[in-house]
Amino acid sequence: MNLNVRRNIIIRDEANVVAGQQADPPLVKVSVVTIIENPYAGQHVQDLTPLIEASVPLGRHMAALGAEALAGREVQSYGKAGLVGSRGEHEHANALLTTVFATPLREMIGDPVAWISSTSKVAGMGEAIDVPVNNIYDVYVRSHYDTVSLCIPGVPMPDEIAIIFCMVTRGRVNARVGGISHDEARSKRSGA
(Lines give C-alpha, C1' and ligand atoms only; values in the text may rest on other atoms or scores of the structure.)
Protein backbone atom coordinates (compact mmCIF):
# COMPACT_ATOMS: atom_id res chain seq x y z
CA MET A 1 0.00 0.00 0.00
CA ASN A 2 1.25 3.48 -0.88
CA LEU A 3 0.04 6.25 1.39
CA ASN A 4 -1.12 9.49 -0.20
CA VAL A 5 0.63 12.31 1.70
CA ARG A 6 -1.52 15.43 1.51
CA ARG A 7 0.48 17.80 3.71
CA ASN A 8 3.64 18.06 5.79
CA ILE A 9 3.76 20.56 8.61
CA ILE A 10 6.93 21.28 10.58
CA ILE A 11 6.62 23.24 13.81
CA ARG A 12 9.71 24.47 15.65
CA ASP A 13 9.11 26.07 19.05
CA GLU A 14 12.16 27.63 20.75
CA ALA A 15 11.78 28.81 24.35
CA ASN A 16 14.49 31.19 25.55
CA VAL A 17 12.85 32.37 28.79
CA VAL A 18 10.51 30.27 30.95
CA ALA A 19 8.97 31.50 34.21
CA GLY A 20 11.33 34.46 34.12
CA GLN A 21 14.40 32.23 33.89
CA GLN A 22 16.79 32.20 30.94
CA ALA A 23 16.86 28.86 29.12
CA ASP A 24 20.51 28.03 28.44
CA PRO A 25 20.52 26.26 26.08
CA PRO A 26 17.09 27.11 24.64
CA LEU A 27 14.37 24.49 24.86
CA VAL A 28 13.60 23.51 21.27
CA LYS A 29 10.57 21.38 20.41
CA VAL A 30 10.28 20.15 16.82
CA SER A 31 7.04 18.56 15.65
CA VAL A 32 6.78 16.78 12.33
CA VAL A 33 3.17 16.35 11.23
CA THR A 34 2.34 14.37 8.10
CA ILE A 35 -1.27 14.29 7.00
CA ILE A 36 -2.30 11.37 4.83
CA GLU A 37 -5.46 10.32 3.10
CA ASN A 38 -7.03 7.54 5.16
CA PRO A 39 -7.26 4.57 2.77
CA TYR A 40 -9.84 2.97 5.08
CA ALA A 41 -12.08 6.01 5.66
CA GLY A 42 -15.72 5.05 5.87
CA GLN A 43 -15.10 1.32 6.02
CA HIS A 44 -14.18 -1.34 8.54
CA VAL A 45 -11.18 -3.44 7.49
CA GLN A 46 -10.24 -6.31 9.76
CA ASP A 47 -6.61 -6.75 8.69
CA LEU A 48 -4.59 -3.55 9.12
CA THR A 49 -1.27 -5.18 8.14
CA PRO A 50 -1.03 -3.15 4.90
CA LEU A 51 -1.30 0.07 6.93
CA ILE A 52 1.38 -1.12 9.38
CA GLU A 53 3.71 -2.03 6.49
CA ALA A 54 3.07 1.33 4.81
CA SER A 55 4.12 3.09 8.01
CA VAL A 56 7.78 2.16 7.40
CA PRO A 57 8.28 4.52 4.41
CA LEU A 58 6.15 7.06 6.28
CA GLY A 59 8.62 6.87 9.18
CA ARG A 60 11.53 7.35 6.76
CA HIS A 61 9.82 10.36 5.21
CA MET A 62 9.15 11.96 8.60
CA ALA A 63 12.71 11.19 9.79
CA ALA A 64 14.12 13.11 6.82
CA LEU A 65 11.86 16.07 7.58
CA GLY A 66 12.80 15.92 11.26
CA ALA A 67 16.55 15.79 10.60
CA GLU A 68 16.31 18.89 8.43
CA ALA A 69 14.23 20.77 11.03
CA LEU A 70 16.58 19.84 13.86
CA ALA A 71 19.58 21.27 11.98
CA GLY A 72 22.07 19.13 13.91
CA ARG A 73 20.58 19.62 17.39
CA GLU A 74 20.70 16.69 19.80
CA VAL A 75 17.35 15.06 20.61
CA GLN A 76 16.88 14.19 24.29
CA SER A 77 13.13 13.43 24.35
CA TYR A 78 10.49 12.19 21.95
CA GLY A 79 6.85 11.31 21.57
CA LYS A 80 4.36 10.34 18.87
CA ALA A 81 0.68 10.80 18.21
CA GLY A 82 -2.10 10.35 15.70
CA LEU A 83 -5.31 12.19 14.88
CA VAL A 84 -7.89 10.30 12.85
CA GLY A 85 -10.65 12.16 11.01
CA SER A 86 -14.28 11.35 11.79
CA ARG A 87 -14.67 8.85 8.92
CA GLY A 88 -11.85 6.70 10.29
CA GLU A 89 -11.23 4.53 13.33
CA HIS A 90 -8.91 5.11 16.26
CA GLU A 91 -7.13 1.89 15.29
CA HIS A 92 -6.07 3.40 11.96
CA ALA A 93 -3.69 5.80 13.74
CA ASN A 94 -2.41 3.05 16.02
CA ALA A 95 -1.56 0.90 13.00
CA LEU A 96 0.64 3.74 11.73
CA LEU A 97 2.39 4.32 15.09
CA THR A 98 3.90 0.88 15.75
CA THR A 99 7.58 0.08 16.28
CA VAL A 100 8.24 -0.36 12.56
CA PHE A 101 7.09 3.24 11.94
CA ALA A 102 9.36 4.54 14.70
CA THR A 103 12.50 2.61 13.70
CA PRO A 104 13.64 5.12 11.02
CA LEU A 105 13.02 7.97 13.46
CA ARG A 106 15.05 6.22 16.16
CA GLU A 107 17.88 5.67 13.66
CA MET A 108 17.84 9.35 12.70
CA ILE A 109 18.13 10.33 16.39
CA GLY A 110 20.98 7.91 17.12
CA ASP A 111 20.66 5.10 19.61
CA PRO A 112 17.60 5.76 21.77
CA VAL A 113 16.29 2.82 23.74
CA ALA A 114 13.43 4.11 25.86
CA TRP A 115 9.82 3.48 25.06
CA ILE A 116 8.29 6.30 22.97
CA SER A 117 5.29 7.90 24.65
CA SER A 118 2.26 7.85 22.41
CA THR A 119 -1.33 9.01 22.16
CA SER A 120 -4.00 8.95 19.48
CA LYS A 121 -7.67 9.68 19.01
CA VAL A 122 -10.47 10.30 16.54
CA ALA A 123 -10.73 14.07 16.27
CA GLY A 124 -12.58 16.88 14.60
CA MET A 125 -10.80 19.43 12.43
CA GLY A 126 -8.55 21.69 14.48
CA GLU A 127 -8.91 19.67 17.66
CA ALA A 128 -5.98 19.96 20.06
CA ILE A 129 -3.74 17.08 21.05
CA ASP A 130 -1.17 16.88 23.82
CA VAL A 131 1.76 14.71 22.78
CA PRO A 132 3.58 13.25 25.80
CA VAL A 133 7.38 13.13 25.54
CA ASN A 134 9.97 11.32 27.61
CA ASN A 135 13.74 10.87 27.64
CA ILE A 136 15.25 8.79 24.82
CA TYR A 137 17.37 6.64 27.17
CA ASP A 138 15.20 6.08 30.22
CA VAL A 139 11.55 6.87 30.91
CA TYR A 140 12.49 7.62 34.54
CA VAL A 141 14.40 10.81 33.71
CA ARG A 142 11.86 13.11 35.40
CA SER A 143 13.31 16.35 34.02
CA HIS A 144 12.26 15.25 30.53
CA TYR A 145 8.58 14.50 31.24
CA ASP A 146 6.90 17.09 29.08
CA THR A 147 4.13 17.68 26.58
CA VAL A 148 4.00 19.20 23.13
CA SER A 149 0.57 20.74 22.64
CA LEU A 150 -0.59 21.08 19.06
CA CYS A 151 -3.69 22.47 17.37
CA ILE A 152 -3.62 22.61 13.58
CA PRO A 153 -6.55 24.36 11.91
CA GLY A 154 -8.38 22.14 9.42
CA VAL A 155 -6.57 18.96 10.48
CA PRO A 156 -7.64 16.23 10.25
CA MET A 157 -10.29 16.37 7.56
CA PRO A 158 -12.85 13.54 7.99
CA ASP A 159 -10.94 11.30 5.53
CA GLU A 160 -7.45 12.04 6.89
CA ILE A 161 -4.98 10.80 9.47
CA ALA A 162 -2.40 13.14 10.94
CA ILE A 163 0.70 11.36 12.21
CA ILE A 164 2.88 13.37 14.58
CA PHE A 165 6.43 12.86 15.82
CA CYS A 166 7.85 15.30 18.38
CA MET A 167 11.50 15.76 19.36
CA VAL A 168 12.79 17.89 22.22
CA THR A 169 16.39 19.04 22.70
CA ARG A 170 16.57 19.19 26.50
CA GLY A 171 14.61 18.70 29.69
CA ARG A 172 12.14 21.20 31.08
CA VAL A 173 13.58 24.62 31.89
CA ASN A 174 13.87 24.95 35.69
CA ALA A 175 13.24 21.19 36.25
CA ARG A 176 13.92 20.44 39.89
CA VAL A 177 12.02 17.35 41.01
CA GLY A 178 15.02 15.03 41.26
CA GLY A 179 15.67 11.68 39.65
CA ILE A 180 18.43 10.67 37.30
CA SER A 181 19.69 13.12 34.68
CA HIS A 182 19.83 12.72 30.91
CA ASP A 183 23.63 12.38 31.10
CA GLU A 184 23.36 9.69 33.80
CA ALA A 185 20.83 7.78 31.69
CA ARG A 186 23.10 8.03 28.64
CA SER A 187 26.11 6.82 30.67
CA LYS A 188 24.11 3.93 32.07
CA ARG A 189 23.08 3.02 28.51
CA SER A 190 26.64 3.11 27.19
CA GLY A 191 27.96 1.20 30.20
CA ALA A 192 30.35 4.00 31.18
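The values are calculated or read from the model by the stated rules, or taken from the named source; none is laboratory data. What you see is a predicted model, and the numbers here were worked out from it, not measured in a lab. FYI the Cβ positions are ideal-geometry reconstructions off the backbone, even for glycines, and counts take in every protein chain you see.
Give the residues of the range 162-192 that are surrounded by fewer than 15 Cβ atoms within 10 Å (Cβ to Cβ), not hydrophobic (A, V, I, L, M, F, W, C) and not in a helix (DSSP H, G or I), sorted by residue number. Explain how you work it out, then say what you get.
We begin by selecting, within the range 162-192, every residue surrounded by fewer than 15 Cβ atoms within 10 Å (Cβ to Cβ); these are 174, 176-178, 183-184, 187-188, 190-192.
Subsequent filtering for residues that are not hydrophobic (A, V, I, L, M, F, W, C) retains 174, 176, 178, 183-184, 187-188, 190-191.
Selection gives Asn174, Arg176, Gly178, Gly191.
Residues in the range 70-83: is at least one assigned to a helix (DSSP H, G or I) and of a type outside the set (Lys, Arg)? So far as the range 70-83 goes, yes, one or more of its residues are assigned to a helix (DSSP H, G or I) and of a type outside the set (Lys, Arg).
Which ones in the range 111-167 are aromatic (Phe, Trp, Tyr) and in contact with a Lys or Arg (Cβ under 7 Å, 6 or more places away or on another chain)? Of everything in the range 111-167, those that are aromatic (Phe, Trp, Tyr) and in contact with a Lys or Arg (Cβ under 7 Å, 6 or more places away or on another chain) turn out to be Tyr137, Phe165.
Starting from residues that are among the hydroxyl-bearing types (Ser, Thr, Tyr) and closer than 16 Å to Ala162 by Cα, keep the ones in the range 29-60 and report whichever is surrounded by the fewest Cβ atoms within 10 Å (Cβ to Cβ). Step through it out loud before you land on a result.
Kept after step one, since they are among the hydroxyl-bearing types (Ser, Thr, Tyr), are these residues of the range 29-60: 31, 34, 40, 49, 55.
If we keep only those that are closer than 16 Å to Ala162 by Cα as well, we get 31, 34, 40, 55.
Numbers: Ser31: 23, Thr34: 22, Tyr40: 20, Ser55: 25.
Checked the range 29-60; the qualifying residue surrounded by the fewest Cβ atoms within 10 Å (Cβ to Cβ) is Tyr40.
For beta carbons closer than 9 Å, sequence separation of 6+ or different chains, a first residue in the range 11-28 that is surrounded by fewer than 15 Cβ atoms within 10 Å (Cβ to Cβ) and a second that is β-branched (Val, Ile, Thr) and assigned to a strand (DSSP E or B), the qualifying pairs are Arg12/Val28; Arg12/Val30; Glu14/Val28; Ala15/Val28. Taken over the range 128-154, the residue count meeting the criterion of being of a type outside the set (Ser, Thr, Tyr), surrounded by fewer than 24 Cβ atoms within 10 Å (Cβ to Cβ) and in a loop (DSSP other than H, G, I, E, B) is 7. Residues in the range 145-156 that are touching an Asp or Glu at 6+ places or on another chain (Cβ under 9 Å) and not β-branched (Val, Ile, Thr) were compared, and the one that is farthest from Thr98 (Cα to Cα) is Cys151.
Tally up the residues in the range 29-61 that are free of Cβ contacts under 8 Å to residues at least 24 places away in the same chain and part of a helix (DSSP H, G or I), please. Result for the range 29-61: 1. The single residue among Met125, Met108 that is part of a loop (DSSP other than H, G, I, E, B) and not charged (D, E, K, R) turns out to be Met125. Scanning the range 1-54 for residues that are among the acidic types (Asp, Glu) and at pLDDT below 95 yields a single hit, Asp24. Checking each residue of the range 72-83 against the condition of being of a type in the set (A, V, I, L, M), in contact with a helix residue (DSSP H, G or I) (Cβ under 7 Å, 6 or more places away or on another chain) and over 19 Å from Ala41 (Cβ atoms) gives at least one match. Filtered by the rule that a residue be out of contact with any helix residue (DSSP H, G or I) (no Cβ under 9 Å at 6 or more places or on another chain), more than 30 Å from Gln43 (Cα to Cα) and aliphatic (A, V, I, L, M), the range 122-164 gives Val139, Val148.
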